[in-house]
């Protein structure tokens, strides 16, 4: 069913008991490309392309971020269960090649990718990767239950004792948000992988929270997979909105096992994974 662009949700955001502002969420469009269980999303550094971890097709699918049309792909001849993508300061792409227990590294020329290396030490089933401005590459090993930090290809730090950790995203001050999916919580980590804060299951009713991104003002948008919801958490930790009614569905504000999240300014892209599609929304804070 094609939904109208004008469909609008208006959410009042509250802070310290008083009305602060309004968040408007407008449905824009959904992809028509043949995707299979798409997971995390990442815009190219120039913003021209949306890189999609297309798990069931063992590839990175590259979409036009405006039309959501498929424009290119790579990796299907050597990747297995692709889950996440990130870019470093040089524009190289780092891809969580999950079923091959590695992160593959590519030199990018527009949409053309050339495999130039890999990372695999002390990680199994990587499902999250972050190329940090500090020059380190952080990898979440979902099967090994850890996060490993690499510098110049060598392991320099490790955090264990996790359960199916997934996404790793950068906070504005250089800290790192981690989705510890099996424990249904988000953790704020230092660059040395020290736990600084926890957003837990009890407060947010998480059930397998997977991937996330942050708005310019520090609001977390997290895909709560098993609740079929996307949750908006303000920088102060308050839960300000939930998209999805907790039941699997298809349509504006409805999802089936959502996974990926990408934000650029007022634009929000989500992987409606169980429905094999990418959906786009517009955010406005007034």
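Bear in mind that the values in this text are calculations on the coordinates, not laboratory data. A quick note: this is a predicted structure, and the numbers were derived from the prediction, not measured. Neighbour counts run over all protein chains shown; Cβ positions are idealised from the backbone, glycine included.
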Cα centroid of segment 122-156 to Cα centroid of segment 45-63, whole Å: 20
Spin-label model distance (nm) - residue 66 vs residue 205, 7 Å beyond Cα toward Cβ: 3.9
Efficiency of FRET between residue 99 and residue 238 - r from beta-carbon atoms, R0 41 angstrom, step 0.05: 0.60
Length added when fully stretched, residue 216-residue 198, from 0.36 nm per residue minus Cα-Cα: 4.4 nm
Nitroxide proxy distance, nm - points 7 Å out along Cα→Cβ at residue 143 and residue 78: 1.9
Principal axis dimensions, segment 208-286 - Cα atoms, whole angstrom, descending: 30, 21, 19
Computed over segment 30-275: relative contact order in percent, which uses C-alpha pairs under 8 Å that are six or more apart: 11
Two-decimal Rg to Rh for the chain - Kirkwood Rh, Cα set: 0.94
